[in-house]
Amino acid sequence: MNVSITEARAKLSELVRRANAGEEIVITRRGKAVARLLPPPAKEDLLPRIGALKGRIGIADDFNNLGAEWAEYLR
């Protein structure tokens, strides 16, 4: 929907309500677009960060056992 700046001043509350409902409002000055009112971004369902990979990651039993090639570094 295109709206002149003058009309946008007079109907700002209505335009914000419409943008919140998902409509994109283009505000024009002398017929040229100068601004847009956009709907808020959709919420993304993010995985909980703590414990999100529980059961998907494993640590080898020999994780702390270094090979003989590391012996000189461990002195």
Problem set entry | 5 angstrom amide H check on THR28, placed H, neighbours 5+ away | VAL3, SER4, ILE5, VAL34
For this session: On the protein heavy atoms, probe 1.4 angstrom, tell me the percent of accessible surface of the chain carried by carbon and sulfur.
Result: 52 percent
Seminar exercise, completed: Beyond 17 Å, the calculated P(r) of the chain holds a percent of Cα-Cα pairs equal to 67 percent
Problem set entry | Residue with peak Gaussian network fluctuation, the chain [Cα springs, cutoff 10 Å], from ARG56, ARG29, ARG18 | ARG56
For this session: Take the chain, connect every pair of alpha-carbon atoms lying under 10 Å apart with a spring to form a Gaussian network, then pick out the residue of ALA33, ALA21, ALA60 with the largest mean-square fluctuation.
Result: ALA60
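What percent does the relative contact order of the chain come to when contacts are Cα pairs within less than 8 Å and at least six residues apart?
This gives 22 percent for the chain.
The values are calculated or read from the model by the stated rules, or taken from the named source; none is laboratory data. No experiment lies behind these values; they were computed from the predicted model shown. Surface areas here come from the heavy atoms of the whole protein model, side chains and all, with no ligands, DNA or RNA. Shrake-Rupley method; radii C 1.70, N 1.55, O 1.52, S 1.80 Å.
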